[in-house]
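Inspection log for the structure reproduced underneath, given as structure tokens.
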Amino acid sequence: MPSSATGAAVIIILGILTAFGPISMDMYLPSFPELVHYFKTTPSKAQLTLSAFTIAFGIGQLIYGPISDRMGRRYVLLAGIAIYAVASVLCVLTNSIDELIIARFFQALGGAAGIVLSRAIIRDLFDKLEGARALSLMLLVPSLAALISPFVGGYILKFFGDWRLIFWVLTCFGVIAFILGVLKLPETHPSEKRTSSSFSKILNDYISVVCHRRAAGYMICGGLSFATMFAQLSGTPFIYIEIFGVAPENFGLLFSLSVFAIMGGSYLNSRLVIRFGVRRMLAVGTTIALIGGIGLAISANYGAFGLFGIVIPVIIFMTPHNMVNANATAGALEYFPHIAGTASAMLGFIRFGTGALVGALVGYFHDGTALPMAYIIACCVIGSAAAFWFLTGDPLNDSSKSG
């Protein structure tokens with residue numbers, strides 16, 4: 001385990017690298033309606049730029065995880081960041097919505113290295129409970145990025161009127177992340193711990209991960225919880241801006257309420273998980289999400305409370321977002337210390353694959369109301385809670401709490 005000073009520095013750097021996902025998705029959310037008009041396309045086609053990103057984010061993690069188990073974390077991570085930066089430039093140069101979808105795919109393929117290897121590095125450095133705490137603290141950084149990004153995107157559109165400038169900003173972020181990785185990130189997976197690999201061994205490792213009942217339960221729990229975020233990312237720009245008439249530059253104000261809630265839940269988890277354990281915190285998190293998700297479906301169905309009938313339930317189910325995902329990650333990775341990169345990759349693939357599917361479903365069922373998003377989110381929180389309670393063992397008997 002690293003010293004407190006070294007550990008804090010690594011957590012901050014990993015948090016920045018983990019921000020590839022939220023900054024790349026959230027900053028351009030206010031431009032969704034603009035993309036529809038600019039490329040003369042449909043809302044569902046514009047939402048495919050988000051779905052393509054999430055699909056590639058999942059696929060990329062399947063690639064980087066086992067490679068890092070064999071070759072180490074640092075250089076694999078830097079290669080991924082370089083791909084991200086180049087693909088961000090390609091996003092600027094696109095001339096059609098189809099080209100943008102393809103460029104977003106490769107942008108995510110590179111950015112996936114940041115999140116999968118950050119989780120693996122946490123597993124390299126910390127045990128289960130300290131890892132859950134470190135993950136909660138690390139996730140504060142991408143939560144902050146998610147808070148700032150819609151404001152940045154909205155005001156870029158307001159003052160410059162050009163969605164392409166958003167991708168120039170993302171290019172700069174990739175370059176800065178690459179420099180930080182080169183200068184500050186240590187190698188945490190030394191050669192003596194690295195595993196030899198072949199296609200058959202990688203396949204067998206993945207099979208062993210997904211066939212582990214408790215680990216699979218944690219992954220499904222976290223994956224469906226994670227998917228609720230993509231459902232609201234796909235749905236809320238159109239709901240807030242087009243249905244309720246919120247100005248694109250003000251979209252970030254409503255979005256920030258959810259992000260503040262996520263950060264609060266993340267900080268609370270970092271303070272309480274050592275005392276109460278991973279499973280008890282997951283019990284609390286999945287219950288809060290369940291209340292918010294079902295409340296959203298009811299509110300959207302009756303439509304009695306207008307805009308805030310959507311905003312308030314979204315805040316409720318997003319509050320335990322990092323609480324659920326940090327603990328589900330720690331719970332799943334506990335069983336695979338020898339192939340942490342591979343296990344982290346499968347966990348990430350399940351999360352982003354589920355997120356891509358859910359985001360695409362929100363776009364496919366788009367009918368000019370909040371109902372498709374609300375019903376899909378309700379199904380996700382029910383499934384997340386069910387996976388936790390029925391697949392991970394006794395949810396309230398956390399034998400690891402005492403170490």
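The values are calculated or read from the model by the stated rules, or taken from the named source; none is laboratory data. Worth saying up front: this structure is predicted, and the values here are computed from it rather than measured. Cβ coordinates were reconstructed from backbone atoms using ideal geometry, including for glycine residues, and neighbour counts include every protein chain displayed. For the accessible areas, the whole protein counts, side chains as well, though only heavy atoms, and no ligand, DNA or RNA atoms are used. Shrake-Rupley method; radii C 1.70, N 1.55, O 1.52, S 1.80 Å.
Does region 300-309 contain any residue that is in contact with a Gly (Cβ under 9 Å, 6 or more places away or on another chain), assigned to a helix (DSSP H, G or I), modelled with pLDDT under 90 and open to solvent by less than 20 Å² (accessible area, probe 1.4 Å)?
No.
Which numbered condition trips up THR42, out of (1) surrounded by 19 or more Cβ atoms within 10 Å (Cβ to Cβ); (2) within 21 Å of GLN232 (Cα to Cα); (3) over 19 Å from the mean Cα position of the chain (by Cα); (4) of a type outside the set (A, V, I, L, M)?
(1)
Please state which one of GLY331, GLY355 is out of contact with any Lys or Arg (no Cβ under 8 Å at 6 or more places or on another chain), crowded, with 24+ Cβ neighbours inside 10 Å and part of a helix (DSSP H, G or I).
Values: GLY331 fails: out of contact with any Lys or Arg (no Cβ under 8 Å at 6 or more places or on another chain).
GLY355 is the lone residue from the list that is out of contact with any Lys or Arg (no Cβ under 8 Å at 6 or more places or on another chain), crowded, with 24+ Cβ neighbours inside 10 Å and part of a helix (DSSP H, G or I).
Which one of these is over 17 Å from the mean Cα position of the chain (by Cα), surrounded by fewer than 19 Cβ atoms within 10 Å (Cβ to Cβ), more than 25 Å from MET138 (Cα to Cα) and not small (Gly, Ala, Ser): LEU203, LEU257?
LEU203
Read through the list (1) open to solvent by less than 50 Å² (accessible area, probe 1.4 Å); (2) part of a helix (DSSP H, G or I), then give the number of the only condition that THR94 fails.
Condition (2) is where THR94 drops out.
Is at least one residue of region 25-36 closer than 12 Å to GLY111 by Cβ and not in a helix (DSSP H, G or I)? Can you show your working first?
Of the residues in region 25-36, the ones closer than 12 Å to GLY111 by Cβ are 25.
After this cut, where a residue has to be not in a helix (DSSP H, G or I) as well, the list is none.
No, because not a single residue in region 25-36 is closer than 12 Å to GLY111 by Cβ and not in a helix (DSSP H, G or I).
If I filter region 363-375 for residues that are farther than 25 Å from THR42 by Cα and polar (S, T, N, Q), do I get at least one hit?
no
Hey, among the residues in region 141-178 that are of a type in the set (Val, Ile, Thr) and more than 17 Å from ALA112 (Cα to Cα), which one's surrounded by the most Cβ atoms within 10 Å (Cβ to Cβ)?
Result: ILE166.
Scan region 358-371 residue by residue and report those that are modelled with pLDDT of 85 or more, assigned to a helix (DSSP H, G or I) and open to solvent by 30 Å² or more (accessible area, probe 1.4 Å).
Matches in region 358-371: LEU361, LEU371.
Give the residues of region 243-300 that are of a type in the set (Lys, Arg) and within 18 Å of TYR218 (Cβ to Cβ), sorted by residue number.
Listed by number, the residues that qualify are ARG279, ARG280.
Residues in region 207-224 that are closer than 17 Å to ALA283 by Cα and open to solvent by less than 10 Å² (accessible area, probe 1.4 Å): how many?
7
Quick grid of which residues meet (1) open to solvent by 10 Å² or more (accessible area, probe 1.4 Å); (2) closer than 19 Å to GLY174 by Cβ:
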site	(1), (2)
ALA9	yes, no
ILE13	yes, yes
LEU50	no, yes
GLY60	no, yes
ALA82	yes, yes
LEU100	no, yes
ALA112	no, yes
